[in-house]
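Scroll down for the structure; my scribbles are underneath it.
Read-outs throughout are calculated quantities, based only on the coordinates presented, and are distinct from any laboratory measurement. These figures come from a predicted structure and were not determined experimentally. Positions of Cβ are generated from backbone atoms using ideal geometry, with glycine treated the same way; all protein chains shown enter the neighbour counts.
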Amino acid sequence: MPAPFIYSASPGRVVFGPGKLASVGTEIEALGCRRALVLSTEFQRPDADALAASLGGMAAGTFTEAAMHTPVSVTEKAMTVYKESGADCVVALGGGSTIGLGKAISWRNNAPQIVVATTYAGSEVTDILGQTENGRKTTVRDPKIRPETVIYDPDLTLGLPVAMSVSSGLNAMAHAVEGLYAPDANPVTSLMAVEGLRALKSALPRIVAAPEDRDARAEALYGSWLCGIVLGSVAMSLHHKLCHTLGGGFDMPHAETHAILIPHTAAYNATAAADRLSRAAELFGGDLGGGLWDFASSIGAPLALADLGLKDSDLAKAADMAVENPYQNPREVTRDGILDLLTRAHTGQRPVTS
Ligand code: NAD
């Protein structure tokens, strides 16, 4: 018998398939809008320019300064450009950084959002916005942050570098693992989590072997969508808290930190949440933490926090920060337990389920 649960469907329209970038104009009209400001990072500026050119009069211009962790200073600049351009919606073309900028604009002025997602981070289907100001990252959760329309065009991911594909894919898988033992998990999010894990486990090794494998790219994007919905539907625990601590406190890169930590946090919770993790564990040979580490290692993922620049001397401080505010987690979060976990992850050791 299922445990009692509450299920709220995640709203939003999803358009999925190769070549679907061409449907941005139709989707702008479907929202009742007329002119979009196209957003991207500086790196993806050529793609943003090409999209704006293809939209013709439906493009109000481009803003290509999106940056990691959504700095408020960049958002304020973009707000001015948005107002002066006469736009009535935004199109965010890119990964979590660009999507974060679109959300930050929309949260302030209610602009409808269309997202064309080009990584596996999953932000496009969540109601979460992280922003940085004066060196501090804060997070807001509000239903109006969730984009109205998401376009997934696997063709746009063919050039996502392999290293980024691997880290971003493991970032998505981390959403699914934590979603399985969330206190507010429900049968639908759990189905999505297991299917998302299966799809990414199947797709990532094929992408490593052949980065332009269109089927593998489509399957990875499909998996990341499912994992993103899980992230946007339930509360996160130890894993996301640790990544937040390392990202905010030690300037560690987002996707790579997730990729390194997920085998370790899964092992930490494996016994306490054994029932809820059983279907995920089956996918990875029965031992979720060790199996995830073997999988990550086999696809060339980063394994050691030391390689990302975290110092020995940072570990104790990181453990202190991670246990500062108590938060829900299947297994009690102790300073010694976290220090042990971080020490193994720091040197790239295979996790031990305890
Ligand atoms: P990113 O958006 O920072 O992208 C990294 C780099 O890759 C950028 O230069 C980008 O332009 C480039 N890139 C993106 N797609 C590409 C493609 N297909 N081909 C070639 N280059 C491409 O990276 P990310 O990991 O997607 O996002 C990280 C950010 O997203 C962090 O700030 C994180 O906090 C946030 N995030 C938020 C949520 C949420 O729900 N709020 C969820 C996940 C991540």
*Quick one: Karplus J couplings for the stretch 232-237, per residue in order, coefficients 6.51, -1.76, 1.60, θ = phi - 60°, nearest Hz, x for Gly and Pro?*
x, 10, 10, 7, 9, 10
*Grab the DSSP H runs of the chain that are 4 residues or longer, score each as -39,500 (n - 2.57), total them, divide by all residues and round the 222 nm result to the nearest 500 deg cm²/dmol.*
-16500 deg cm²/dmol
_For the chain, Cys with no neighbouring Cys Cβ under 4.7 Å_ = C227, C243
*Contour minus Cα-Cα distance for V352 and R206 (0.36 nm per residue)*: 49.8 nm
*Starting from the Cα of D215, step 7 Å toward the Cβ, then list every residue of the stretch 159-203 with an amide N under 18 Å from that point.*
198-203
_Prolate/oblate/rounded call for the stretch 271-354, Cα gyration tensor, a/c under 1.5 rounded_ = oblate
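Taking the Cα centre of the chain as origin, sum charge times position over the Cβ atoms of Lys and Arg (+1) and Asp and Glu (-1), and report the length of that vector in debye to the nearest 20. Show your work: numbers first, answer last.
On the way: 28 positive and 37 negative charges, 79 e Å.
Taking the Cα centre of the chain as origin, the dipole is about 380 debye.
Sort the chain into rounded, prolate or oblate with this rule: let a ≥ b ≥ c be the square roots of the eigenvalues of the Cα gyration tensor; rounded if a/c is under 1.5, and if a/c is not under 1.5, prolate when a/b is larger than b/c, oblate otherwise. List each step's numbers first, then the result.
On the way: a/c = 1.72, a/b = 1.55, b/c = 1.11.
Judged from the Cα gyration tensor, the chain comes out prolate (a/c at least 1.5, a/b above b/c).
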_Amide H partners (placed H, <5 Å) of V38, local residues excluded_ = A60, G61, T62, F63, V91
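Rounded to the nearest 20 debye, what is the charge dipole size of the stretch 162-347 about its Cα centre when +1 sits on each Lys and Arg Cβ and -1 on each Asp and Glu Cβ?
Numbers: 13 positive and 21 negative charges, 44 e Å.
Roughly 220 debye, rounded to the nearest 20.
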*Give me the percent of DSSP beta bridges within the chain that run antiparallel, rounded to the nearest 5.*
20
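Averaging sequence separations of C-alpha pairs under 8 Å and six or more residues apart, then dividing by the length of the chain, give the relative contact order as a whole percent. Spell out each step's value before the answer.
Working: 694 pairs, mean separation 51.5, N = 354.
Once normalised by length, the contact order is 15 percent.
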_Given contacts defined as C-alpha pairs under 8 Å and at least six residues apart, what's the relative contact order of the stretch 42-88, whole-number percent?_
35
*Within the chain, longest stretch free of exposed GluC sites (Glu not before Pro) [DSSP loop, at most 13 other beta carbons within 10 Å]*: 43-211
_DSSP beta bridges in the stretch 13-157 [antiparallel fraction, %, rounded to 5]_ = 20
_Residue-span extension gain [A50 to S278] - 0.36 nm each, minus C-alpha spacing_ = 77.5 nm
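Can you give the convex hull volume of the alpha carbon atoms of the stretch 13-157 per residue, in Å³? Please report the intermediate quantities before stating the final value.
Numbers: hull volume 13.3 nm³, N = 145.
Normalising the Cα hull of the stretch 13-157 by residue number yields 92 Å³.
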*asked:* Projecting each Cα onto the charge dipole of the chain (Lys/Arg +1, Asp/Glu -1 at the beta carbon, about the Cα centre), which of G159, H346, P11 comes out farthest on the positive side?
replied: P11
*Residue among S313, S73, S167 with the largest mean-square fluctuation in a Gaussian network model of the chain, springs linking Cα atoms under 10 Å*: S313
*Dipole magnitude of the stretch 13-157 about its Cα centre, charges +1 at Lys/Arg Cβ and -1 at Asp/Glu Cβ only, in debye to the nearest 20?*
380
